[in-house]
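The next block holds one structure in the form of structure tokens; read it before the comments.
The values are calculated or read from the model by the stated rules, or taken from the named source; none is laboratory data. This one's a predicted model, so the numbers in the text were calculated from it and none came from an experiment. Using ideal geometry, Cβ is built from the backbone for each residue, glycine included, and neighbour counts are taken over all protein chains shown. The area values use the complete protein model at the heavy-atom level, side chains included, leaving out ligands, DNA and RNA. Shrake-Rupley method; radii C 1.70, N 1.55, O 1.52, S 1.80 Å.
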Amino acid sequence: MGRRFIVLLGPPGAGKGTQAARLAQAAGLAHLASGDLFREHLSRGTELGKVAQAYMTRGELVPDDVTTRMIAERLAQPDAATGAVFDGFPRTVAQAEGLDRLLAEHGERVQRAVVIDARREELVRRLTGRWLCRECQTPYHQTSRPPRVPGRCDGCGGELYQRPDDTVEVVERRLAVYEDQTQPLLAWYERAGVLARVDGERDVEAVQRALARAIAS
Ligand code: AMP
């Protein structure tokens, strides 16, 4: 059987990361999160990390060629041998075209692109109250999902932190960038006949079930 490729689309705060991790685990696919990859480069102090940082701090997109090259490298890793769930990539039509070209080299294509969406005020609430585990990236929320021990991950005991781009100002910019540059992708995947939509305001398990149905159909 060929590799499976699923794209999760949606604004920051919709739950792409949480759902991509669960889906990848359940389906035996690699979880490929472009934001996490950039943050890894940043913490390792690589050249790519330095280039990306300026954009990330402002809530802008890292240039398409840089991003698509990073994804191509990541796709060549052994854990992507069965396929991947893309989380936060592609974010522009140019990146989606780049991904299509990359997959077409092996006669492969995106099987489904699923949009997870939520209302703007809910996205802002989630992001500005978000705490993440430095070790395993598990997300918490200061009021709606607090950790058992303040500042520590329930799962692995790792330290929790707030992303520097989760401030109100940068969140506003990230949402505007989503509307301008990423929304057009919805129509693009719709025309390709692979688009599905899921309501991201339901609880995590309900979203997970809806996503599983969207992918099976
Ligand atoms: P995320 O973790 O998905 O919210 O991404 C954090 C930041 O990384 C974004 O605000 C962008 O600056 C950058 N980034 C992540 N994915 C992409 C992408 N596909 N294209 C361009 N920039 C990206």
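This table checks each residue for (1) open to solvent by 40 Å² or more (accessible area, probe 1.4 Å); (2) polar (S, T, N, Q); (3) on the phi > 0 side of the Ramachandran plot.
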| residue | (1), (2), (3) |
| --- | --- |
| 43 | yes, yes, no |
| 61 | no, no, no |
| 84 | no, no, no |
| 90 | no, no, no |
| 106 | yes, no, no |
| 129 | no, no, no |
Checklist entry - Does residue 169 fit the bill of being within 16 Å of the ligand (Cβ to nearest atom) and more than 18 Å from the chain's Cα centre (by Cα)? => result yes
Item to check | Any hit, region 34-57, residues being near the ligand (Cβ under 10 Å from one of its atoms) and in a loop (DSSP other than H, G, I, E, B) | outcome: no
Checklist entry - So which pairs qualify, if the first residue must be in region 18-40 and on the phi > 0 side of the Ramachandran plot and open to solvent by less than 40 Å² (accessible area, probe 1.4 Å), the second must be within 16 Å of the ligand (Cβ to nearest atom) and not hydrophobic (A, V, I, L, M, F, W, C), the Cβ gap must be under 8 Å, and the two must be at least 6 apart or on different chains? => result none
Checklist entry - Just one of the numbered conditions (1) touching a Pro at 6+ places or on another chain (Cβ under 8 Å); (2) surrounded by fewer than 17 Cβ atoms within 10 Å (Cβ to Cβ); (3) not aliphatic (A, V, I, L, M) is not true of residue 193; which one? => result (1)
Checklist entry - Which residues, counting only those in region 73-95, are assigned to a helix (DSSP H, G or I), closer than 17 Å to residue 35 by Cβ and more than 10 Å from the ligand (Cβ to nearest atom)? => result 73, 74, 75
Item to check | The listed residue being modelled with pLDDT of 95 or more and touching a strand residue (DSSP E or B) at 6+ places or on another chain (Cβ under 9 Å), out of 104, 176, 96 | outcome: 96
Item to check | Filter result for residue 68 (in contact (Cβ under 8 Å) with a residue 24 or more places away in the chain, more than 20 Å from residue 163 (Cα to Cα), open to solvent by 10 Å² or more (accessible area, probe 1.4 Å) and within 10 Å of the ligand (Cβ to nearest atom)) | outcome: yes
Next on the checklist: Given the condition more than 25 Å from residue 61 (Cβ to Cβ) and not hydrophobic (A, V, I, L, M, F, W, C), answer yes or no: does some residue in region 190-200 qualify?
Outcome noted: yes
Checklist entry - Restricting attention to region 142-155, does a residue exist that is in a loop (DSSP other than H, G, I, E, B), open to solvent by less than 80 Å² (accessible area, probe 1.4 Å), modelled with pLDDT under 95 and farther than 26 Å from residue 40 by Cβ? => result yes
Item to check | Within region 45-59, tally of residues that are free of Cβ contacts under 8 Å to residues at least 12 places away in the same chain and either touching an Asp or Glu at 6+ places or on another chain (Cβ under 9 Å) or loosely packed, with under 14 Cβ neighbours inside 10 Å (or both) | outcome: 6
